[in-house]
1. Report the residue count in segment 128-159 for those that are assigned to a helix (DSSP H, G or I) and over 19 Å from K41 (Cα atoms).
2. Report, by residue number, each residue of segment 162-209 that is surrounded by fewer than 16 Cβ atoms within 10 Å (Cβ to Cβ) and aromatic (F, W, Y).
3. Filter segment 162-205 down to residues that are aliphatic (A, V, I, L, M), within 16 Å of N108 (Cα to Cα) and in a loop (DSSP other than H, G, I, E, B), then give me how many there are.
4. So, in segment 82-106, of the ones that are within 18 Å of the chain's Cα centre (by Cα) and part of a loop (DSSP other than H, G, I, E, B), which residue ends up farthest from D22 (Cα to Cα)?
5. Pairs under 7 Å by beta carbon, first residue in contact (Cβ under 8 Å) with a residue 12 or more places away in the chain and within 17 Å of S8 (Cβ to Cβ) in segment 216-227, partner surrounded by 15 or more Cβ atoms within 10 Å (Cβ to Cβ) and among the acidic types (D, E), six or more apart or different chains?
6. Restricting attention to segment 34-48, report how many residues are surrounded by 23 or more Cβ atoms within 10 Å (Cβ to Cβ) and either over 17 Å from the mean Cα position of the chain (by Cα) or not in a loop (DSSP other than H, G, I, E, B) (or both).
7. Identify the single condition in (1) farther than 21 Å from E87 by Cβ; (2) among the β-branched types (V, I, T); (3) buried (at least 20 other Cβ atoms within 10 Å of the Cβ) that V226 does not satisfy, given that it satisfies every other one.
8. From the list F215, F238, exactly one residue is more than 23 Å from E86 (Cα to Cα), of a type in the set (F, W, Y) and assigned to a helix (DSSP H, G or I). Which is it?
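Here, each number is a calculation from the coordinates, and none is a lab measurement. Bear in mind that the values here come from a model prediction, so they are computed numbers and not experimental data. For neighbour counting, all protein chains shown are included, and Cβ atoms are generated from backbone atoms with ideal geometry for every residue, glycine included.
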Amino acid sequence: MGLNILKSNLFNPGTKFVATDDVKDTTLPPGSLGLFSFFKKADRDYQNVAIGTVVIIRRGKGGQNRIEVKDISFPIFTDKRMLEHEEYLPIGRKLYIHIEEEPFAKNNLAELPPLEFLVWCYAYTKYLRYIVGNFVYPASRASWKESAVGRALITAERIPEYFADNMSNTYKTLANTDFRTSFVVSARRLESKLAKCICSYKKATIASILNSSHFIEHTNKNHYIVADKNLVENTISFYGEEYEKISSLVERNKAAMRKKGA
């Protein structure tokens, strides 16, 4: 049985999503398909909105296959009642879209269609590079060289370039079994090295989700109903506990680092 809380749209890296028809952006219209790469920051003006980097597979329902990076803004929580109030969400802002998770046809990365694997591969590479560039401390240790991250990750950074130049050849060379295996091994190995840094990233994402749920509660109590009250309360309780857990882990990691450096 699933948790009885609001469903967050601040997805994990590599999650496939589709743009819904709640809003109609001209660049990424309803039906646009992509994969979430990483959460960048909370929106400065709208407390239920986040900004993230994604990799787009197609624009609109009938769009051509592509691999391109976009920064989008989107609501962390959605409810049709939110659309009834013009000032609540930045409707009409460029690259502001509503998204929902779109399951992969296959659960195994080895079985994903070539394009989906390439986009997942590129989205995950960008996520890992973001962690290295923004959460590794001291910054002098933030290396993104083949010797540090593996050849597969260096190669994956150029997937959009390879795809635009020769799509069929890219499928043959970067979506085959050998490269898939090599990439996953390299990515998981790097993730293991970055475990403490990833905790800090997760703390930032959970903090944004928790803040959003508090804002929805504030709106419900002081302005107008934009989400089910009981679900909001459950959501605050759930993410409050998650935030305490991850904060405690991050603090222990920092303490261990200080002790190690002493």
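1. 14
2. Matches in segment 162-209: none.
3. Summing the residues that are aliphatic (A, V, I, L, M), within 16 Å of N108 (Cα to Cα) and in a loop (DSSP other than H, G, I, E, B) in segment 162-205 gives 1.
4. My answer is F104.
5. The qualifying pairs are V226/D79; A227/D79.
6. Residues in segment 34-48 being surrounded by 23 or more Cβ atoms within 10 Å (Cβ to Cβ) and either over 17 Å from the mean Cα position of the chain (by Cα) or not in a loop (DSSP other than H, G, I, E, B) (or both): 5 in total.
7. V226 satisfies every listed condition except (1).
8. Result of the check over F215, F238: F238.
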